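Data first, discussion second: the structure below is written as structure tokens.
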Amino acid sequence: MSIQAKFNSIALRVQDSLAGLGDRDRKLLFGLAGFAVIGMVVGSVVWMKSSLNSINNQVEYREEAVRTATMMAAEFQSNEDTARLIAERLEEHKATNLMSFVEKTAQSVGIADRLDSVKASSTSINGELEETIYAAQFSKLSLEDATNFLFEIETSGFPLVVQTARLKTRKRKGESKIKLILDIAAYRTVAVDAGGEG
């Protein structure tokens, strides 16, 4: 039996069934069939819209992931550049200790005669980096002398951080003089044992 014969057979059965129905029943059947077709169309539209929303959400998530990855790559590049600059500064000042640097800077600012002391107070090693804390003390400074010295050491490029700066003011003969006490952290690279701990 061919496909056309099967189709004709089914069409004849449907036609016979419809012929046996009353006018009201036929309208009801066509109404139900139309309602089912409309329901399937609406259902298909809702399903397609839901699928498109899901795909759109996935696209937005992927775009956000790409933006985040791009930002992270830019930050990583910036951090690499900063690390390279810090490494260059550490290497450049490798042979200079902070005491001689402070004395030289005080001399260039014109306050070397008022440098009371510079001494190391503690040292700690973290990986390839050694941090030494120095205490420096100056007396009989003007405010301009103190700020000039702080500006010079902060902008010098020497690998240091002024952790604390305490200013004590005293009046002598009607003139205010400052005692400057600094805690300065200086950094340098140290060789790490390639064999590690054993």
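I'd like to check something: does segment 107-115 contain any residue that is in a helix (DSSP H, G or I) and touching a Phe, Trp or Tyr at 6+ places or on another chain (Cβ under 7 Å)?
Among the residues of segment 107-115, at least one is in a helix (DSSP H, G or I) and touching a Phe, Trp or Tyr at 6+ places or on another chain (Cβ under 7 Å), which makes the answer yes.
When you go through Lys49, Lys6 one by one, which is the residue that is at pLDDT 85 or above, part of a helix (DSSP H, G or I) and either basic (Lys, Arg) or touching a strand residue (DSSP E or B) at 6+ places or on another chain (Cβ under 8 Å) (or both)?
Exactly one residue qualifies, and that residue is Lys49.
One residue is enough: does segment 123-141 have a residue meeting the conditions of a type in the set (Phe, Trp, Tyr), over 19 Å from Leu90 (Cα atoms), out of contact with any helix residue (DSSP H, G or I) (no Cβ under 7 Å at 6 or more places or on another chain) and not assigned by TED's automatic domain parsing to the domain that holds Leu85?
Taking every residue of segment 123-141 in turn, none turns out to be of a type in the set (Phe, Trp, Tyr), over 19 Å from Leu90 (Cα atoms), out of contact with any helix residue (DSSP H, G or I) (no Cβ under 7 Å at 6 or more places or on another chain) and not assigned by TED's automatic domain parsing to the domain that holds Leu85.
Residues are listed down the side, and each one gets a yes or a no for (1) modelled with pLDDT under 90; (2) in a helix (DSSP H, G or I):
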residue	(1), (2)
Val102	yes, yes
Ile133	no, no
Ala136	no, no
Ser139	no, no
Phe158	yes, no
Lys168	no, no
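Pairs needed: first member in segment 161-173, under 15 Å from Ile133 (Cα atoms) and in contact (Cβ under 8 Å) with a residue 12 or more places away in the chain; second member anywhere, of a type in the set (Val, Ile, Thr) and not in a strand (DSSP E or B); C-beta distance under 8 Å; at least 6 residues apart or different chains.
What qualifies is Val162/Ile153.
Can you name the residue in segment 153-164 that is of a type outside the set (Val, Ile, Thr) and surrounded by fewer than 16 Cβ atoms within 10 Å (Cβ to Cβ) and is also nearest to Ala185 (Cα to Cα) among such residues?
Per the stated criteria, the residue is Gln163.
The values are calculated or read from the model by the stated rules, or taken from the named source; none is laboratory data. What you see is a predicted model; the values in this text were computed from it and never measured. We place every Cβ from the backbone using ideal geometry, glycine too, and count neighbours over all the protein chains shown.
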